[in-house]
1. Can you sort A:SER72, A:SER138 from fewest to most other Cβ atoms within 10 Å of each residue's own Cβ?
2. Anyone know which of A:GLU319, A:GLU88, A:GLU75 comes out most mobile in the 10 Å Cα GNM of chain A?
3. Could I have the simple spin-label model distance between A:ASP314 and A:ALA100, label points 7 Å from Cα toward Cβ, reported in nm to one decimal?
4. Okay, which of region A:38-56 sit inside 11 Å, backbone N to the point 7 Å along the Cα-Cβ direction of A:ASP252?
5. Please determine, in degrees from 0 to 90 and to the nearest 10, the orientation of helix A:8-19 with respect to the longest principal axis defined by the Cα atoms of chain A, where the helix direction is its Cα long axis.
6. With springs connecting C-alpha atoms under 10 Å apart, model chain A as a Gaussian network and identify which of A:PRO297, A:PRO96, A:PRO46 has the largest mean-square fluctuation.
7. Say R0 is 30 Å: what FRET efficiency, to the nearest 0.05, do A:ASP133 and A:LYS45 get from their beta-carbon distance?
8. Going by C-beta contacts inside 10 Å, put A:MET218, A:MET242, B:MET126, B:MET71 in order with the fewest on the left.
Amino acid sequence: MNFTRRSGFRVLLGVVVAAGLASPAIVTLHGQAKPWTMPRTADGKPDLQGIWSNATITPLERPKEYASLVLSAEEAARLEKATADRVERLNQDSDPNRPAPPQGGDGSTGAAGNVGGYNNFWLDPGERVAVVDGQFRSSLIIDPPDGRVPPTTPEARARGQARLKTMAGRGQYDHPEFRPLAERCLLSFGPTTPLVPNYFYNNNLQIVQTPDHVMILMEMVHDARIVRIGGTHLPKHIRPWMGDSIGHWEGDTLVVETTNFPLQQPFRGAAENLKVTERFRRVDATTINYRFTVEDPTTFTRPFTGEIPFRATDELIYEYACHEGNYAMSNVLSGARNEEKRLGTKK
Amino acid sequence: MKTRTTFSVLLLGVGLLLAGRSVIAHHAFGAEFDPNAPIRLQGKVVRLEWVNPHTWIHIETIKDGKPEIWMIEGGTPNTLLRRGVTRETVKVGTEIIVDGYQTKDHSLKRANGRDVTFTDGRKLFMGSSGTGAPKDGRDPTEGTKKPGGR
């Protein structure tokens, strides 16, 4: 943070605003609170337009050691400090005389895949604990009360097994279309609906409204979801990449229902019968409270609901033109061919 | 001792809050790079592909007296653009050190930039908290910020 740019007045103003975090008021030059009023579009609907960020360090599911949805201010401050400290630590200079990393891999897990990924400075996963209705949150999921995605049904597990059988004898590197949609630059590696952050980078979205449509442009992967206001869903066999979204207004809340998800882009194993209901409610000059409910009785033993604050940002969304620079795709496929040759397993 | 215990618990909490996060991209790096082909490269930047889904830094190294061009995979440039870092920030001709792993296709001279630094060990681009990252309204300077992009 660049403290030198701040005047004393702005710091004072900020303290006053921060103190009134939960109350939707802005402070005038004369220090008097002026009630915030909902900005509206020409047709009288709440104006949700602009660029918003859903980045946060609060995870989708509650870590087991937190008993409650709500964290104390001290707990939240500690978590945020630990996040900032980690960034500082990873920014430290390296030894210029360092050798090559270890033969056999560096032990990194997850998608860093034992080769260490790349430097932390490319990442921007958020720095703050999510605040909703003035509460610091330990998980985005608010229901069920344990803050976790409910268990899957036996039917869903059987479906997973059947899918594995279908793929038997076919390697995951045998065809470009066997690769994940994100790797093929078709969709983001994070979910597009609901708008859960990916915890890596580019967690920004832009909303544009007309009386009969709402567009939600996600920076990852430069995908625009077009929500029709009113009407009915497409026939079941038509499954756009981001599903089929229709919306309506309940008072000042925009409610969007999405079904017809493509089978190639499941959310937690749900796609064919997945229904996501989103509620966008603007609560102050800089915040949309976003609430989502995920339902699929063929996948989850019960529905679940989460809340995410969307914070206004005056940063730009940059184009994420993925296909043009996707060397990784050909590297992955040619790497698999090279391994086959080396191991003598070429089919 | 009490302080120490509290601190350990806190670290555990952080670890779990961050669980599931590892440094990746739009694809799994384990599928692209060979853990049995570690490399350390030192050379001059000849080209920067400031593109998505991943930045590629081209460097010229010298092997057995002969020049070689290597391509180094980084992350999305979008996050750095928001911090004011552009393709011009690192000039062609700048000497850098890279450690990482070569692609599984060894005929390609490509590697992941596991750690990319200047020759004195400084990170090539500094990430920092609170500079240009998405805002949540608790930064005092953001008190009256309106959503951009109109």
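1. Lowest count first: A:SER72, A:SER138.
2. Checking each option, the largest mean-square fluctuation is seen for A:GLU88.
3. Between A:ASP314 and A:ALA100, the label points sit 5.0 nm apart.
4. Residues passing the 11 Å test: A:38-40, A:46-47.
5. That helix lies at roughly 80 degrees to the long axis.
6. Looking only at A:PRO297, A:PRO96, A:PRO46, the largest GNM fluctuation is found for A:PRO96.
7. 0.85
8. B:MET126, B:MET71, A:MET242, A:MET218
We did not get these values from a lab; they are worked out from the coordinates using the rules stated. Remember, it's a predicted structure, so these values are computed and weren't measured experimentally. Note that we place each Cβ from the backbone using ideal geometry, even for glycine, and neighbour counts take in every protein chain shown.
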